[in-house]
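**Student:** Dropping a structure here in structure tokens format, bear with me for questions.
Here, each number is a calculation from the coordinates, and none is a lab measurement. None of these values were measured; they are calculated from a predicted model. Neighbour counts run over all protein chains shown; Cβ positions are idealised from the backbone, glycine included.
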Amino acid sequence: MTNQLEEYIKSYFGVVKADQLKEISALFKPLFIKKGDYFLRAGRQSDKLGFVQSGLLRVFVETEEKEITQWISSKGQFATDLSSLVFETPSRWNIQALVDTECYAISRDAYNRIGTLIPEWHHLEKLFIVRCFTLMEDRIFGHLSMTAEERYNAFFEQNRELFHQVPLQHIASLLGMTPETFSRIRRKQLD
């Protein structure tokens, strides 16, 4: 298991003892997803939590009118339908590799065993879920309080590399914009 995964586990889950970190990281298995293949399809139960080592995973849903991108997981980020993973319900989201992607994945069963291996796991897991929730709150606040141009600029400042790796219509959708609005703002920024 890579030191990088262990570092990210520490950053997501808080202070974890070295021996516990080894136990957790050993539960993750390497997984390669070819460009265009799926980590998860909508309607199926999520049975694993993925950590992106390299590549990009797009979380999206298809409606009758369009595809809506909810998130793009890049290096050092986790990917799953958390609700489906925890509550064992059908997933609302598709998770697809935008490029060849190397992940580490932990099965639902292995994830659920962590609590028996590490007594303080429930506290660490709570911190992880609060962190995920806070990110979503920040994103919702941005959508409600910022103009389209402000959302574009904020996302660009935090995710410059994605603008060269991800089809721009996916970023537009992620930001809650039509491709036309996104293009207009992008042209303005490039001028």
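**Student:** Can you give me the long-range amide H partners of PHE39? Hydrogens built in the peptide plane at 1.01 Å from N, cutoff under 5 Å, separation of 5 or more residues or another chain.
**Tutor:** Excluding prolines and chain starts, which carry no amide H, the hits are ILE95, GLN96, ALA97.
**Student:** Using the Cα atoms of the chain to build a convex hull, what is its mean projected area in square nanometres?
**Tutor:** Working: hull surface 45.3 nm².
Directional mean of the projected Cα hull area for the chain stands at 11.3 nm².
**Student:** Please work out whether segment 64-104 counts as rounded, prolate or oblate from its C-alpha gyration tensor, where a ≥ b ≥ c are the square roots of the eigenvalues and a/c under 1.5 means rounded, while otherwise a/b larger than b/c means prolate and anything else oblate?
**Tutor:** On the way: a/c = 2.28, a/b = 1.12, b/c = 2.03.
In terms of gyration-tensor shape, oblate.
**Student:** Between 0 and 90 degrees, rounded to the nearest ten: what's the tilt of helix 3-13 against the longest Cα principal axis of the chain?
**Tutor:** Tilt of helix 3-13: around 80 degrees.
**Student:** Hey, another quick one. Ordered by residue, what ³J(HN,Hα) values in Hz, to whole numbers, does segment 171-181 give under the Karplus form 6.51 cos²θ - 1.76 cosθ + 1.60, where θ = phi - 60° and Gly and Pro are x?
**Tutor:** 5, 4, 4, 4, 8, x, 10, 6, x, 5, 5
**Student:** Could you count how many Lys pairs in segment 3-120 have their Cα atoms under 25 Å apart, skipping same-chain pairs fewer than 8 positions apart?
**Tutor:** Taking the Cα cut-off of 25 Å, the pair count is 18.
**Student:** Sticking with this structure for a sec: Quick one: VAL166, VAL99, fewest Cβ neighbours within 10 Å first, how do they rank?
**Tutor:** Details: VAL166 19, VAL99 14.
Sorted ascending by nearby Cβ count, the order is VAL99, VAL166.
**Student:** Separate question: At 222 nm, what value in deg cm²/dmol follows for the chain if DSSP H runs of at least 4 each add -39500 (n - 2.57) and the sum is divided by all its residues, to the nearest 500? All intermediate terms of the calculation are to be shown ahead of the outcome.
**Tutor:** Details: 9 runs with 95 residues, N = 191.
Estimated from H runs of four or more residues: -15000 deg cm²/dmol.
**Student:** Out of every Cα-Cα pair in segment 1-61, what percent are more than 15 Å apart? Working shown, then result.
**Tutor:** On the way: 1050 of 1830 pairs.
Across segment 1-61, Cα pairs with separations above 15 Å total 57 percent.
**Student:** Can I ask one more? For a quick check: sort ASP19, ASP37, ASP47 by the number of other beta carbons within 10 angstrom, fewest at the front.
**Tutor:** ASP19, ASP37, ASP47
**Student:** Sort SER11, SER25 so that the residue with the fewest other Cβ atoms within 10 Å of its own Cβ comes first and the one with the most comes last.
**Tutor:** On the way: SER11 10, SER25 19.
Ranked by crowding around the Cβ, least crowded first: SER11, SER25.
**Student:** Run the numbers on the chain and let me know its relative contact order in percent, using alpha-carbon pairs under 8 Å that are six or more apart. Kindly include the intermediate steps, with their values, before the conclusion.
**Tutor:** Numbers: 282 pairs, mean separation 44.6, N = 191.
The value is 23 percent.
**Student:** List every residue whose amide H lies under 5 Å from the amide H of LEU56, counting only residues 5 or more places away in sequence or on a different chain, with H placed 1.01 Å from N in the peptide plane.
**Tutor:** HN-HN under 5 Å from LEU56: LEU98, VAL99.
**Student:** Can you report the principal axis dimensions of segment 112-191 using only the alpha carbons, biggest first, rounded to whole angstrom?
**Tutor:** Principal axes ranked by extent give 56, 27, 19 Å for the Cα atoms.
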